[in-house]
1. Would you be able to tell me the number of residues in the stretch 187-218 that are over 29 Å from Asp240 (Cβ atoms) and either in a loop (DSSP other than H, G, I, E, B) or of a type in the set (A, V, I, L, M, F, W, C) (or both)?
2. Can you name the residue in the stretch 234-269 that is of a type in the set (Gly, Ala, Ser) and closer than 18 Å to Phe157 by Cβ and is also surrounded by the fewest Cβ atoms within 10 Å (Cβ to Cβ) among such residues?
3. Which pairs have Cβ atoms under 7 Å, sit 6 or more apart or on different chains, and link a residue in the stretch 237-258 that is at positive phi to one that is assigned to a strand (DSSP E or B) and hydrophobic (A, V, I, L, M, F, W, C)?
4. How many residues are at pLDDT below 90 and either among the charged types (D, E, K, R) or surrounded by fewer than 17 Cβ atoms within 10 Å (Cβ to Cβ) (or both) if we restrict to the stretch 206-233?
5. For the stretch 87-112, what are the residues that are aliphatic (A, V, I, L, M) and assigned to a strand (DSSP E or B)?
6. Go through (1) within 29 Å of Asn77 (Cα to Cα); (2) surrounded by fewer than 18 Cβ atoms within 10 Å (Cβ to Cβ); (3) free of Cβ contacts under 8 Å to residues at least 60 places away in the same chain and name the single condition Arg154 misses.
7. Taking the condition of being part of a loop (DSSP other than H, G, I, E, B) and of a type in the set (A, V, I, L, M, F, W, C), how many residues in the stretch 113-151 meet it?
8. Could you tell me how many of the residues in the stretch 112-124 are crowded, with 18+ Cβ neighbours inside 10 Å and touching a Phe, Trp or Tyr at 6+ places or on another chain (Cβ under 7 Å)?
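The values are calculated or read from the model by the stated rules, or taken from the named source; none is laboratory data. The shown structure was predicted, so the numbers you read here are calculated from the model rather than taken from an experiment. So basically every Cβ, Gly included, is an ideal-geometry build from the backbone, and we count neighbours across all protein chains shown.
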Amino acid sequence: MTPHIDHMNLLATARLGDGVGGGEGLAMHVAADGSRTLFVASEHAPCDFVAVDVSDPRAPSVVFRQDLPGAGIRSNNLAIHDDLLAVTRQVSQKGAPPGGVELFDISQPTAPRPIGYFDASGGESLGTHFVWLGADGYAYLASGASDFTPRDARDRFMFRILDVSSPTRPVEAGRWWLPGIAVSDVDAAPERPSERLAAAHGAEITAEQRAARRFESGGSCSWDFGFRVHNVTVLPERPDRAYLAHTSAGAYIFDISDRSRPHPVGHLDYATPLPGAAHTFVPLGASGFGLLSDETLEEGAADYPQNVWVVDARLESRPVIVGSLELPWPSDVPATGRFGAHNLHEYPPGQGALRSFGLAVAAMFGLGVAVFDVGDPLRARAVAHFSPGPEDDGPGTGQLNDVFLDDRGVLYALDRRSDYCFVLELDL
């Protein structure tokens, strides 16, 4: 693959520093004087996160870096609302500290000040993978807990809601997990994708096949990436609703009008043989439509088609896939690297983000980043694209992990295998 740019201008290529790999956390702080600071979570140690002054997007500069306290910890995700920053702590050893969420005051973005911590360590917990800060004084997590033990290790993250109205003392307000996935549940364990496929073809599953996440039968293939919550989106256009991407369990719409008792009101259940790794579910404002991005997890797109699906949720009790975004596939997919859908611009409030629901942006690993006109979701079309190409053809490794579009039309894209952040301007 070679570098490609269409209807965008590359303003700058920022180097974030040694030991940084672009994670799944991009968020912006906008100060009263108009200065802008982009906060970037690193996918791996030793770096925790960095802050980049992007007031002039043509001259970005790193103004703060924080490293992690030790090995076996990753941040990977963060969120901002106004002067509050939340950073996840995910650990590699079950139960180990400091799994959870750390809160910072970033009223001075060059000197973030830790002010609170929510402990999600203990038991079988691997800490917290994802955090969303709403405009409502709550944080929404994909997280483990000391008192939550899944029957299957792949189902390790549930939905947790924190009250962060007093950020020095965050407390849990509510939680939910898919009935049947915890060892304490009286409910039957939910049917795995391989079990569905085997039942459809009258096939038997061996112990080895049951342990593996890939199962083939009758010319079809199922993938089991776990029944774990991955992302949560809560927008002010629908403050009583949360949109959950739940990996191989599909996607959910939740009623969160009572934060102590979140409950699903709609479920989009992936059909077997879709590979089903639901990553990000984003409503397009109050239109009744949304976008559901999968996560490509296998090298060389072996788990194709992981896509960005257009979802009709106007009847929210029965959300359905009604289309997909056209991804810029090459004629030949390389054998190494990921190629397919991943993260979406999520229109977050309180971050200087573009909140026009007529444009969507997707980060797609080796396929680059693409911008789509979704003013009519049933007639979505690609309008801009950028791919840096692999390392020998240009900077970075061409594995774009996350994307953020600000209200100036400036787009930021992270490479997961290097410290490059590409700063682009839309030219539509």
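1. Total satisfying the criteria: 19.
2. Gly250
3. Going by the 7 Å Cβ cut-off, the qualifying pairs are Thr247/Ala278; Gly250/Leu268; Gly250/Ala278.
4. 13
5. Of everything in the stretch 87-112, those that are aliphatic (A, V, I, L, M) and assigned to a strand (DSSP E or B) turn out to be Val87, Val91, Val101, Leu103.
6. (3)
7. 5
8. 1
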